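Following: one structure in structure tokens, then a few remarks.
Readers should treat all values here as calculations from the given coordinates under stated rules, not as data from a laboratory. Everything numeric here is computed off the predicted structure, so don't read it as measured data. When we count neighbours, we look across all protein chains shown, and the Cβ atoms used for this are built from the backbone with ideal geometry, even at glycine.
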Amino acid sequence: MARRPSTPTTIMPKANLRPAAELYDNDIDIMLRELVLLTSNSQQTIHWLATYGLLQNSWACEQCPKALAMWLQRKDGAQFVDGYAWACPTCRTQKSIT
């Protein structure tokens, strides 16, 4: 029987992370065109921001004594304007990713 995929604890895989300094190394005209395509919806924008460290790629629960890695989940509601939240699997604390 196939295993159910685990809930992600990062927005982007660590292998995909890049230094923010790379943003300054590109030709600005090309970068702006690419940026429009890369951020055409909220999920793509979140992935792009996390790739360059402009958005926290993972989060540890501040309420739990073990500081467990929080799960990334889709959420609706005014407090989750981007549609995602970090959720602790132990105490159920939720935190917006932004």
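A few notes on this one:
- Modelled label positions at residue 31 and residue 64, each set 7 Å beyond Cα in the direction of Cβ, lie 3.8 nm from each other.
- Relative contact order, percent, the chain [alpha-carbon distance under 8 Å, six or more residues apart]: 26
- Calculated mean residue ellipticity, 222 nm, the chain: -6500 deg cm²/dmol, from DSSP H runs (n ≥ 4) at -39500 (n - 2.57) each, averaged per residue and rounded to 500.
- With contacts taken as Cα pairs under 8 Å and at least 6 residues apart, the stretch 58-98 reaches a relative contact order of 33 percent.
- Simple point charges give the picture: +1 on the Cβ of Lys and Arg, -1 on the Cβ of Asp and Glu, and for the chain a dipole about the Cα centre of about 720 debye.
- Note on 52, 24: ascending count of other Cβ atoms within 10 Å places them as 24, 52, the fewest first.
- Only lysines eight or more places from residue 75 in sequence, or on another chain, were considered; those with a Cα closer than 22 Å are 95.
- Positive-end extreme of charge dipole, the stretch 58-98 - chosen from 97, 79, 59 (charges on Cβ): 59
- Additional length obtainable on full extension of the chain from residue 81 to residue 18, 0.36 nm per residue less Cα span: 20.1 nm
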